[in-house]
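Inspection log for the structure reproduced underneath, given as structure tokens.
The values are calculated or read from the model by the stated rules, or taken from the named source; none is laboratory data. Computed from a prediction, not measured in an experiment: that's the story for all the values here. Here Cβ is always computed from backbone atoms with ideal geometry, including for glycine, and neighbour counts include all displayed protein chains.
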Amino acid sequence: MKKLFITLSFLILIILGSVINAIGANRYWVGGTDSWDATPGLKWSTISGGTGGAAVPTSTDDVFFDLNSGSVTVTRGAGACCNNLDFTGFTGSMIGTDGMVNYGNLILGSGMTGFNGLCAWAHTSGTRTITSKRHNNKRIYF
């Protein structure tokens, strides 16, 4: 009986871990001026202004560039993707010739100095939104 309980407990933990992984996590840019690519390094944190070292965002992760990200330039690398992408409070820019795949919403912050490049939306259901906060005099390319 004890062995059965331990085995069932282990299976439940595996299933819960898979569900949590499928939901995604939050990723905050803390890497200074650098390239968003598949190299983890110290670019990503799990909290705003935290220590880098978190995994590179995937299609299920929500990504944040905020005040704690600094006034930096982030260059999109090949394979950049995320669920929701939020630049609220960010005072830097995102550039790059490599496209980005976004599975959720996009919020451009009013303090951004630029956002250019390709952004493709890949989702199978639901509504996705693009919010541009006061970007009437800035060049934003999609």
*asked:* So for segment 108-122 (the condition being part of a loop (DSSP other than H, G, I, E, B) and in contact with a helix residue (DSSP H, G or I) (Cβ under 7 Å, 6 or more places away or on another chain)), does at least one residue qualify?
replied: no
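Identify all residues within segment 1-39 that are within 17 Å of residue 87 (Cα to Cα), of a type in the set (Gly, Ala, Ser) and either part of a strand (DSSP E or B) or at pLDDT below 80 (or both); write none if there are none.
To start, the set of residues in segment 1-39 that are within 17 Å of residue 87 (Cα to Cα) comprises 25-36.
Remaining after also requiring of a type in the set (Gly, Ala, Ser): 25, 31-32, 35.
Of everything in segment 1-39, just one residue is within 17 Å of residue 87 (Cα to Cα), of a type in the set (Gly, Ala, Ser) and either part of a strand (DSSP E or B) or at pLDDT below 80 (or both), namely 35.
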*In segment 105-121, which residue that is touching a strand residue (DSSP E or B) at 6+ places or on another chain (Cβ under 7 Å) and touching a residue at least 40 places away in the same chain (Cβ under 8 Å) is surrounded by the most Cβ atoms within 10 Å (Cβ to Cβ)?*
117
*Output yes when any residue across segment 40-63 is within 13 Å of the chain's Cα centre (by Cα), outside any loop (DSSP other than H, G, I, E, B), modelled with pLDDT of 85 or more and within 21 Å of residue 131 (Cα to Cα), and no when none is.*
yes
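Taking residue 131, is it over 15 Å from the mean Cα position of the chain (by Cα), in a strand (DSSP E or B) and either at pLDDT 95 or above or polar (S, T, N, Q) (or both)? First the steps, then the outcome.
Values: over 15 Å from the mean Cα position of the chain (by Cα): yes; in a strand (DSSP E or B): yes; either at pLDDT 95 or above or polar (S, T, N, Q) (or both): yes.
Yes; evaluated as a whole, the condition is true for this residue.
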*State all residues of segment 93-126 that are modelled with pLDDT of 80 or more and of a type in the set (Ser, Thr, Tyr); if no residue qualifies, say none.*
93, 97, 103, 110, 113
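What is the residue count in segment 41-73 for residues that are among the small types (Gly, Ala, Ser), within 19 Å of residue 23 (Cβ to Cβ), in contact with a Lys or Arg (Cβ under 9 Å, 6 or more places away or on another chain) and surrounded by fewer than 19 Cβ atoms within 10 Å (Cβ to Cβ)?
Within segment 41-73, the first condition is being among the small types (Gly, Ala, Ser), and the residues that meet it are 41, 45, 48-50, 52-55, 59, 69-71.
Narrowing the set further to residues that are within 19 Å of residue 23 (Cβ to Cβ) leaves 45, 54-55, 59.
Now narrow it down to the ones that are in contact with a Lys or Arg (Cβ under 9 Å, 6 or more places away or on another chain): 45, 54-55.
From what is left, the residues that are surrounded by fewer than 19 Cβ atoms within 10 Å (Cβ to Cβ) are 55.
Residues meeting the conditions: 1.
Which members of segment 64-76 meet the condition of being assigned to a loop (DSSP other than H, G, I, E, B) and not aliphatic (A, V, I, L, M)?
Quick first cut of segment 64-76, residues assigned to a loop (DSSP other than H, G, I, E, B) only: 65-66, 70-72.
Result: 65, 66, 70, 71.
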*Return a yes/no flag: does segment 82-92 have any residue that is among the aliphatic types (A, V, I, L, M) and at pLDDT 90 or above.*
yes
